[in-house]
Amino acid sequence: MQLEEREKLEQDIQVLCKRGDLAGAVERALEGYGQEIMRLMASVLHDYERSRDAFSLFSENLLRGLPGFRWESSFRTWAYRLARNACYQVMHAPAGREMPVTMSKLPDAAERPRSETRPWQRTSVKERFRALRESLEPQERMLLLLRVDQRLSWEEVARVMSEGEEPVSDPALKRKAAALRQQFQRIKTHLRSLAQEEGLIADEDSPTPA
C-alpha cells in the first residue's frame, strides 16, 4: 500500500469514528488492513486455522476497543498491537476456542499453510532465506515482520510490542525501542550464522537475510 493510500485510509477510519459509525470504521479498517494483518498472523503462527482464529479475535477486540482509542498513534500501529496480542492469546489458548465473529469478515487472501519442506530441500534461495526466518521464535518473527516487511518505525514497533493496555510514556517507549533495536541486531547476527551454516552466504561481509 502506498503512503498516500495509507494516509487516506487512516483519514477515512478517523472520520467514521468521529461520526460515531464504529461498525463502518471497523469495516473500512478490515478492508484496508485486513490482508496484511492476516499475512502477518499466518507468518507468526504457522497454522492456517489458528491464524483465522487469531484474526477473528483481532476483529472482535478491534470493535470493542475502538471507542477507547485515543489516536495517540496511527490506527495501523494500534491495529498491529491488537493483532500481536491476538496471536499470543491464540498461541496460549486451549484447543477448540469458539470463533467470536463470522468467517465472512476474514480476508479472501488468507494464507494457507506453507510447505513443511526442509530448507535444504528448497530450490529457491529466497525461499531458503525465508525458511531460516520461519525457524525463529514467534516474537522474533513478529519483530522482523514489523520492522523489515511492514517498515514500521522503531517507535511504532515499540508501541506494538509493548505489554498491557495502558498508554506508554515517551521515556518508556524510547527504552523499549532501544531494547528492540538490540534484539533486532542479535536476530540478524543469528540469521547470518544460520545462513553461513546452510551455505547461503560465503562470509560475514555478505548481506544478512531479512
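Okay, here's what the table says:
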quantity	calculated
Accessible area per residue, Å², region 9-94 with all protein chains present, probe 1.4 Å	42
Computed label-point distance, nm, for sites residue 22 and residue 197 using a 7 Å Cα→Cβ extension	4.8
Rg followed by Dmax, in Å, when region 1-103 is reduced to its Cα trace	13.6, 41
Region 13-65 versus region 140-159: alpha-carbon centroid distance in Å	18
Residue-span extension gain [residue 169 to residue 64] - 0.36 nm each, minus C-alpha spacing	35.5 nm
Extension gain from residue 183 to residue 149, taking 0.36 nm per residue of separation minus the Cα-Cα distance	10.6 nm
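The values are calculated or read from the model by the stated rules, or taken from the named source; none is laboratory data. Every value quoted in this text rests on a predicted model; they were computed, and no experiment measured them. Here the Cβ is made from the backbone with ideal geometry for all residues, glycine too, and neighbour counts use every protein chain on show. When the accessible area is computed, the model is the full protein with side chains, heavy atoms only, and any ligands, DNA or RNA have been set aside. Shrake-Rupley method; radii C 1.70, N 1.55, O 1.52, S 1.80 Å.
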